[in-house]
Amino acid sequence: MGKTALLIIDMQNDFCLPGAPFEVKGAVSVVPQIKKALDACRSCGLPIVHIIRHYRADGMDVEITRLQAFIEKGGALIEGTKGAEIIDELKPIKGEYIVIKKRWSAFFQTELDILLRRLHVNHIVVAGIQTPNCIRGTVWDANSLDYKVTVLTDGTGAMSQEVHQANLFDMQNIGIQLMTTEKFITYLHNLPKTI
């Protein structure tokens, strides 16, 4: 029997904190819901994977569409800096996994797929930022890899509600399950205890 895993994407200081170089305006508002989902998954013993972005200080691995902004802002998400760290409210604990990605999708040229398969995960629940980019890229790849996917509607966010809702609509139209954090927690409590 497969397992459910929680994927938390890009909840790093340089994306989330007000005034950060790559601040996503909707990031702070989704933190409480992600924290609830995280706590519920921890209490159920589910696998938790924190997906983060790291760049080299010289920008050699920054995607071409973001390189100019990276240069203008003096760098961001550089490994070893405070900005690259996961925000305090969602810091990983012992036993949780961290996967570093260089592009939008958490699956693109990372070990995420093999990690999830080794953990016997067939259902991923996605939270984090931002909906049209890294959430969507990850969800599309997960769907192509035959994972069952749930997106937390109030545990994901974008620069605007309009962009967020439009992307949720698109994801739902390819068969992705949308769920509020509250409904997800209820779902967890109803899972068989053998997960």
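Between Lys183, Lys94, Lys73, the Gaussian network model of the chain with springs among Cα atoms under 10 angstrom shows the greatest mean-square fluctuation at Lys94.
Relative contact order, whole percent, for region 25-80 stands at 28, derived from Cα pairs under 8 Å and 6 or more residues apart.
Figure note: Arg118, Arg42, Arg56 ranked by solvent-accessible area, largest first, 1.4 Å probe, ligands and nucleic acids not counted: Arg118, Arg56, Arg42. Computed over the chain, the per-residue total of -39500 (n - 2.57) for DSSP H runs of n ≥ 4 gives a 222 nm mean residue ellipticity of -10500 deg cm²/dmol, rounded to 500. Spherically averaged projected area of the convex hull of Cα atoms, region 35-116: 6.3 nm². In summary, the convex hull built on the alpha carbon positions of region 65-195 has an orientation-averaged projected area of 9.7 nm². For the chain, the relative contact order comes to 28 percent (Cα pairs under 8 Å, sequence separation of at least 6).
Given q = 0.14, 0.18, 0.20, 0.21 Å⁻¹, what are the Debye log10 I(q)/I(0) values for region 124-187, with equal point scatterers placed on the Cα positions and solvent ignored? Treating every Cα as an identical point scatterer, log10 I(q)/I(0) equals -0.33, -0.55, -0.68, -0.75.
The values are calculated or read from the model by the stated rules, or taken from the named source; none is laboratory data. This one's a predicted model, so the numbers in the text were calculated from it and none came from an experiment. Just the protein is used for accessible areas: all its heavy atoms, side chains included, with ligands, DNA and RNA removed. Shrake-Rupley method; radii C 1.70, N 1.55, O 1.52, S 1.80 Å.
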